[in-house]
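What follows is a set of notes on a single structure, which appears directly below.
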Amino acid sequence: MILELDCGNSFVKWRVLAADSSVVGAGAVESNNELLHVLSAASDVHLRVCRVVSVRNEEETRKLTDLVESAFSIPTHLAIPAQECAGVQNGYDDYHRLGMDRWVAILGAYAQAGGPCVVIDFGTAVTSDFVDADGQHLGGYICPGLPLMRSQLRTHTRRIRYDDDSANTAKARLAPGTATVQAVERGCVLMLRGFVATQVEQARMLSGADYRLFLTGGMPLW
């Protein structure tokens, strides 16, 4: 079985693949120790190798890979930047600077689309990337995700204070807010909706109507 890890800014997303590539288990954890606990508790999981994609710094990533290798006695393979891979040309001026989460998402999207596509990833930050028919990565955009927007308002505006349960309740509707929590949460959601709408417009400008749109990510919009 193959363990795949997606190490983001907030969570480690994991899944286990069987020999036929079917998913036999998946989830998300907040710490390395929690990951080991979850995987060790699964008696029917027999790991042979681990694949890792990480946006964390080298030290944090190394701690995780060392922990996995030690706990399960398996090798880890870490995805690294590339100027070209699987028919896609990295569009960054310095290809090493494109986040690995974005790069592998671009590769996966183009492999499925076989042509022009746009990938929008809802994580701690929200990103979008555009690929043309020839596999040229055209670049993309980055904006704060919902948790970051909320955090900034709470941090820099003294009178905005509310708990997470209130935030979740507020997002059940998008009518104009009649309380601060509603105004903030619904406003942030609408900002992200506006971001997505502009990405769709941009895709049409770049590729016409003939493109595939992929939505992914570890953070829910609401």
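The values are calculated or read from the model by the stated rules, or taken from the named source; none is laboratory data. The model shown is predicted, which means the values in this text are computed figures rather than measured ones. No Cβ is skipped: glycine too gets one built from the backbone with ideal geometry, and neighbour counts run over all protein chains shown.
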Hey, does the range 98-108 have a residue that's among the β-branched types (Val, Ile, Thr), surrounded by 20 or more Cβ atoms within 10 Å (Cβ to Cβ) and under 21 Å from Gly8 (Cβ atoms)? yes
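Can you spot a residue in the range 40-59 that is farther than 30 Å from Gly139 by Cβ, assigned to a helix (DSSP H, G or I) and either modelled with pLDDT of 90 or more or not assigned by TED's automatic domain parsing to the domain that holds Asp134 (or both)? Give the steps one after another, and end with the answer.
First, the residues of the range 40-59 that are farther than 30 Å from Gly139 by Cβ: 40-50.
Those left that are additionally assigned to a helix (DSSP H, G or I): 40-41.
Then drop every residue that is not either modelled with pLDDT of 90 or more or not assigned by TED's automatic domain parsing to the domain that holds Asp134 (or both), which leaves 40-41.
So far as the range 40-59 goes, yes, one or more of its residues are farther than 30 Å from Gly139 by Cβ, assigned to a helix (DSSP H, G or I) and either modelled with pLDDT of 90 or more or not assigned by TED's automatic domain parsing to the domain that holds Asp134 (or both).
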Within the range 60-72, can one find any residue that is without any contact (Cβ under 8 Å) to a residue 12 or more places away in the chain, assigned to a loop (DSSP other than H, G, I, E, B), loosely packed, with under 13 Cβ neighbours inside 10 Å and not aliphatic (A, V, I, L, M)? no
Contacts under 8 angstrom Cβ, first residue in the range 179-207 being in the same structural domain as Ala125 (by TED's automatic domain parsing), partner assigned to a helix (DSSP H, G or I) and among the basic types (Lys, Arg), 6 or more apart: Val184/Arg150; Glu185/Arg150; Cys188/Arg150
Of (1) modelled with pLDDT of 85 or more; (2) under 23 Å from Ile120 (Cβ atoms), Ala167 satisfies all except one. Which? (1)
Only unsatisfied item for Ala19, checking (1) aliphatic (A, V, I, L, M); (2) at pLDDT 90 or above; (3) out of contact with any helix residue (DSSP H, G or I) (no Cβ under 6 Å at 6 or more places or on another chain), is (2)
